[in-house]
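Asks: My structure is below; once you've seen it, I'll send some questions.
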Amino acid sequence: MTIITLVRHGETDWNRDRRVQGSTDIPLNDTGRAQALVAAASLRVALPADVPVVVAASDLVRARETAEIIAADLGVDAPELYPDLRERGYGEAEGVDLAEYTRRWGDWTTAVIPGAEPWPDVRARALRGLRTVVQDARRATAPADAALVIVSHGALIRELIRHASGGELPPEGERLANGSAHEMLYERDRLRLLSYAGAVA
């Protein structure tokens, strides 16, 4: 049994400007670095004091830097990086602002974007990555259970939340806030949502 806290990376300039990032490798801005410190402070309170903490992240710079800030603040090892935890690739939509996105492809939830990674593939990749991270963390801390903090991206975390909640969360039209944290239980390759931080419109 492993408790996982999924954290969305801090803000980037493209987040601020409401541009689609996807697999484009955009760094944090100063607001994003501050959000990572706030997330770390919350984790210090929430994580059990008697359990080793392992931090992991997507290998994209915005997630990696967020995870590095969190790990340093918690006084634990630097994060291991996993390409399977990357954001969805959005194909032709990457770099496009939301107004142009809507004009070209329509509603966010139903848009068919040339070159974008299909949603079922995103979920399968996310679950595969999660399984690998959990296995690595368990090996690293055995025989003790680990508290696992994973820094990833909005669309990938949404797919894991949908999977764990049977599609009930998050509601359509909400996006996960930068720096938000969502807790799950991973047991025998099953995922259960324990807490949902809510989202921003």
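Asks: Restricting to the range 109-126, count the residues that are in contact (Cβ under 8 Å) with a residue 24 or more places away in the chain, surrounded by 14 or more Cβ atoms within 10 Å (Cβ to Cβ) and in a loop (DSSP other than H, G, I, E, B).
Replies: 1
Asks: So which of ASP97, ASP121 is touching a strand residue (DSSP E or B) at 6+ places or on another chain (Cβ under 8 Å) and on the phi < 0 side of the Ramachandran plot?
Replies: Matching residue, one of ASP97, ASP121: ASP97.
Asks: Would you point out which residue out of GLU100, GLU87, GLU80 is charged (D, E, K, R) and either touching a Gly at 6+ places or on another chain (Cβ under 9 Å) or under 12 Å from LEU156 (Cβ atoms) (or both)? Steps first, answer last, please.
Replies: Details: GLU100 fails: either touching a Gly at 6+ places or on another chain (Cβ under 9 Å) or under 12 Å from LEU156 (Cβ atoms) (or both); GLU80 fails: either touching a Gly at 6+ places or on another chain (Cβ under 9 Å) or under 12 Å from LEU156 (Cβ atoms) (or both).
That would be GLU87, the only listed residue that is charged (D, E, K, R) and either touching a Gly at 6+ places or on another chain (Cβ under 9 Å) or under 12 Å from LEU156 (Cβ atoms) (or both).
Asks: Of everything in the range 53-85, what is closer than 30 Å to PRO114 by Cα, among the charged types (D, E, K, R) and in contact with a strand residue (DSSP E or B) (Cβ under 8 Å, 6 or more places away or on another chain)? Give them in sequence order.
Replies: ASP59, ARG62, ARG64, GLU65, listed by residue number.
Asks: Looking at (1) more than 25 Å from ASP13 (Cβ to Cβ); (2) within 17 Å of the chain's Cα centre (by Cα); (3) among the basic types (Lys, Arg), which one does ARG44 not meet, given that it meets all the others?
Replies: Answer for ARG44: the failing condition is (2).
Asks: Condition first: of a type in the set (Lys, Arg) and within 29 Å of VAL149 (Cα to Cα). Now tell me which residues in the range 72-130 satisfy that.
Replies: Result: ARG86, ARG88, ARG123, ARG125, ARG128.
Asks: Still on this model: For ASP73, which of the numbered conditions (1) touching a helix residue (DSSP H, G or I) at 6+ places or on another chain (Cβ under 8 Å); (2) under 18 Å from ALA126 (Cβ atoms); (3) surrounded by fewer than 20 Cβ atoms within 10 Å (Cβ to Cβ) fails to hold?
Replies: With (1) touching a helix residue (DSSP H, G or I) at 6+ places or on another chain (Cβ under 8 Å); (2) under 18 Å from ALA126 (Cβ atoms); (3) surrounded by fewer than 20 Cβ atoms within 10 Å (Cβ to Cβ) applied to ASP73, the lone miss is (2).
Asks: Now, a different point. Would you be able to tell me the number of residues in the range 144-201 that are farther than 15 Å from ILE4 by Cα and without any contact (Cβ under 8 Å) to a residue 12 or more places away in the chain?
Replies: Counting residues in the range 144-201 that are farther than 15 Å from ILE4 by Cα and without any contact (Cβ under 8 Å) to a residue 12 or more places away in the chain gives 3.
Asks: Related question: If you go through the range 88-96 one residue at a time, do you hit one that is buried (at least 16 other Cβ atoms within 10 Å of the Cβ), modelled with pLDDT of 95 or more, more than 16 Å from the chain's Cα centre (by Cα) and more than 25 Å from GLU174 (Cβ to Cβ)?
Replies: No; the residues of the range 88-96 include none that is buried (at least 16 other Cβ atoms within 10 Å of the Cβ), modelled with pLDDT of 95 or more, more than 16 Å from the chain's Cα centre (by Cα) and more than 25 Å from GLU174 (Cβ to Cβ).
Asks: Next question. Would you confirm, using the coordinates I've provided, whether ASP50 is surrounded by fewer than 15 Cβ atoms within 10 Å (Cβ to Cβ) and more than 30 Å from GLY167 (Cβ to Cβ)?
Replies: Working: surrounded by fewer than 15 Cβ atoms within 10 Å (Cβ to Cβ): yes; more than 30 Å from GLY167 (Cβ to Cβ): yes.
For ASP50, the condition - surrounded by fewer than 15 Cβ atoms within 10 Å (Cβ to Cβ) and more than 30 Å from GLY167 (Cβ to Cβ) - is met.
Asks: Based on what the data block shows, is TYR82 at pLDDT 95 or above, surrounded by 14 or more Cβ atoms within 10 Å (Cβ to Cβ), among the hydroxyl-bearing types (Ser, Thr, Tyr) and within 19 Å of THR5 (Cα to Cα)?
Replies: Considered against the rule, which asks whether it is at pLDDT 95 or above, surrounded by 14 or more Cβ atoms within 10 Å (Cβ to Cβ), among the hydroxyl-bearing types (Ser, Thr, Tyr) and within 19 Å of THR5 (Cα to Cα), TYR82 comes out as yes.
Asks: Moving on to the next point. Answer with yes or no whether ARG139 is at negative phi and surrounded by fewer than 13 Cβ atoms within 10 Å (Cβ to Cβ).
Replies: Taking the combined requirement at face value, the residue satisfies it.
The values are calculated or read from the model by the stated rules, or taken from the named source; none is laboratory data. The model shown is predicted, which means the values in this text are computed figures rather than measured ones. Methodologically, a virtual Cβ is constructed for each residue, glycine included, from the backbone with ideal geometry; neighbour enumeration extends over all protein chains shown.
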